[in-house]
Every structure is written in C-alpha cells, then in structure tokens.
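What follows is a single structure, written as structure tokens, with notes after it.
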Amino acid sequence: MNAFNFRHLMYFRAVAHDGGLVRAAARLNLSQSALSVQIRALEARLGQALFEREGRRLRLTEAGRIALDAADAIQAAGEDLAATLAGREDAQATVRVGALATLSRNFQLDFLRAALARGDARIALRSGGAADLLADLAALNLDVVLLNRVPERGGLPSLVVHKLAQQPVALVGTPKRVRGRRTAAELLADEPVILPGPDSGVRMGFDALADRLGVSPRIAAEVDDMAMMRLLAREGAGVAVLPPIVVKDELAQGALVEATRLKGLAETFYAVTVRRRFPNPLVRDLLRATGLPLTRRSTERPVAPG
C-alpha cells in the first residue's frame with residue numbers, strides 16, 4: 001500500500017473550511033484545477049467521496065466530515081508540537097495522568113479541576129499499580145503519577161516528588177453505627193471495622209494505634225480500594241478507617257458521620273514527575289492549583305535512582 005500523503009489531507013482541510021475551491025486555491029497559491037486534482041487523489045486513496053456539490057459550494061459528505069475531524073486533529077497536534085518545543089505558554093492541551101488504582105477518586109478529581117476548568121484541555125487518565133505507572137512515567141508515556149506514598153528508588157531516571165496534601169484519617173460510619181459514641185476506643189471495641197489492606201501506610205499506623213489503645217478490633221473487611229471502602233461504610237458493614245475526603249459527599253448528605261479523628265494518622269498524597277527538557281505546562285498548572293482542605297504544600301524533592 002502506498003504511503004499516505006498528508007499534504008493531500010491538508011489541502012482538503014483548506015477547501016472544507018473555506019467552503020469551496022476558489023478561496024482555498026487563492027490562499028494556498030494554487031490553481032483551482034491543481035487543487036481539485038489533489039482532492040481527487042485523496043478521495044481515490046480513501047475510496048470515498050469527500051464532497052457533494054451544492055450550488056457553488058461544496059458540502060461535506062459523511063466521510064468528508066470524518067476526514068475533516070482527523071485533519072483538524074493532525075493540524076492541532078502539529079501546532080501543539082511546535083508550541084511545546086518553542087516553550088510557549090499555550091503548548092500541549094493534553095495531559096496524561098497515571099493514578100494508583102486504590103487512590104481516592106475525590107482526590108483525583110480535585111487534582112484535575114484546573115485542567116477541567118480550561119475547557120480546551122484533554123485529559124488521559126490511567127489507573128494501575130505504582131511500578132507500572134512509574135515505568136510509563138520514565139518512558140514519557142505519562143506526564144504525572146499520583147500516589148499516596150513516596151516511591152521507592154529503583155532503576156528509574158531521577159524522579160521529582162511533589163507533596164500535594166496531607167489528609168487526617170478518621171473513623172467514619174453510618175449514624176446508626178456511630179450513635180452517640182465519640183471515642184476511638186469505644187467504637188473499636190464495639191463495632192466491626194473496615195480497614196485498608198495490610199500494605200497501606202494508614203493500616204500500619206492504625207495497627208500501632210489499636211495496640212496503644214489496648215483494643216483488638218473485629219475486622220469486617222480489608223479493602224485496598226478506597227471507593228469500595230466508601231460503599232461498604234455506606235452500607236453499614238462497619239466503621240471505616242479512611243480520610244474524610246474519600247466520603248465528603250456522604251458526609252455532606254448525612255449518610256455517613258465522622259465519629260472521631262485518629263490522632264497521628266494521616267494519608268499523604270503525592271504527584272510524581274520526571275525531569276524533562278520540555279515539560280508539559282498543564283502539569284505545572286495542576287501542581288500550582290492543587291489545594292485541598294488541610295493541605296500542606298512542600299517544595300519538590302528529587303528521588304534519585306538507586
């Protein structure tokens with residue numbers, strides 16, 4: 001198969017946006033007949049008619065509309081590329097974000113708000129395990145990775161870790177579960193508990209707290225996914241050990257109640273990037289805009305490969 005001629009596609013784009021051959025030919029400094037030959041060559045290559053004549057104007061066919069969308073996307077990608085390499089502020093309207101699969105959805109949404117507010121930004125969001133996400137970050141397949149712990153050193157290029165927020169951890173349950181009891185010791189002695197998985201930093205802190213309180217909690221569930229913890233708490237399966245941001249909607253609606261904060265326990269959220277010659281300016285905007293309740297910002301900290 002012959003290589004695709006993208007010049008034909010760009011000529012077609014000019015005709016489609018100008019609505020006919022006359023204006024497009026003048027703008028491109030071509031004769032109308034030469035431009036018509038280019039359009040026919042593209043139609044032959046695609047095996048589809050791209051225009052229908054409507055009086056003096058050319059109207060796009062269904063195939064023509066699809067081709068124009070592709071041509072516009074290619075043109076925009078080229079402009080983004082030129083803007084990025086020139087370091088312009090309007091560069092790269094796409095941001096590729098990786099997020100730990102178990103990370104709070106509410107936190108992810110808050111992190112992306114600045115991009116959503118732009119209206120012209122495209123967000124590619126991928127969930128997965130930390131190792132796979134960081135490997136894709138190192139390969140420049142992702143622009144930023146969201147985690148809840150500082151990544152371990154490994155055979156990766158130098159990373160930069162941005163501490164975005166530190167959220168307190170609380171015991172949260174339905175009004176029926178919590179009732180009038182407010183102390184952690186009372187709740188943990190009487191109610192089943194929904195806990196993060198054993199490898200979670202929050203879980204390790206909770207186990208130490210329970211030991212200090214002298215209680216042996218009855219575990220209703222161990223769950224790695226914060227979204228599932230939220231659902232189990234809402235169903236009344238037990239009191240959940242999690243940051244209130246995870247269930248902020250349920251707390252606002254009264255479906256869940258924050259019984260008590262767990263002293264000394266917190267979940268910290270990080271954005272991880274890699275040093276790049278041409279960084280995505282959207283990532284910089286997201287890092288600057290992130291500000292959650294009880295957020296403590298810190299300076300960026302490089303993590304060297306080990």
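Only one of 44, 76 is among the small types (Gly, Ala, Ser) and at pLDDT 85 or above. Can you tell me which?
From the options 44, 76, the qualifying one is 44.
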**Prompt:** If residue 261 passes every condition in (1) surrounded by 15 or more Cβ atoms within 10 Å (Cβ to Cβ); (2) within 21 Å of residue 110 (Cβ to Cβ) but one, which one does it miss?
**Reply:** (1)
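Rundown of residues vs (1) open to solvent by 70 Å² or more (accessible area, probe 1.4 Å); (2) over 14 Å from residue 270 (Cα atoms), yes/no style:
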| site | (1), (2) |
| --- | --- |
| 115 | no, yes |
| 126 | yes, yes |
| 130 | no, no |
| 169 | no, yes |
| 172 | no, yes |
| 175 | no, yes |
| 185 | no, yes |
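To keep it simple, each residue is scored yes or no on (1) in contact with a helix residue (DSSP H, G or I) (Cβ under 7 Å, 6 or more places away or on another chain); (2) modelled with pLDDT of 85 or more; (3) of a type in the set (Ser, Thr, Tyr); (4) open to solvent by 70 Å² or more (accessible area, probe 1.4 Å).
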position: 23; (1), (2), (3), (4): no, yes, no, yes
position: 69; (1), (2), (3), (4): no, yes, no, yes
position: 80; (1), (2), (3), (4): no, no, no, no
position: 85; (1), (2), (3), (4): no, no, no, yes
**Prompt:** So which of 214, 197, 205 is within 29 Å of the chain's Cα centre (by Cα) and open to solvent by 10 Å² or more (accessible area, probe 1.4 Å)?
**Reply:** 205
**Prompt:** Quick one: residue 280 ticks every box in (1) surrounded by 18 or more Cβ atoms within 10 Å (Cβ to Cβ); (2) of a type in the set (S, T, N, Q); (3) farther than 23 Å from residue 140 by Cβ bar one, so which box is it?
**Reply:** (3)
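The values are calculated or read from the model by the stated rules, or taken from the named source; none is laboratory data. Bear in mind that the values here come from a model prediction, so they are computed numbers and not experimental data. Using ideal geometry, Cβ is built from the backbone for each residue, glycine included, and neighbour counts are taken over all protein chains shown. Please note that ligands, DNA and RNA were not included when accessible areas were found on the heavy atoms of the full protein model with its side chains. Shrake-Rupley method; radii C 1.70, N 1.55, O 1.52, S 1.80 Å.
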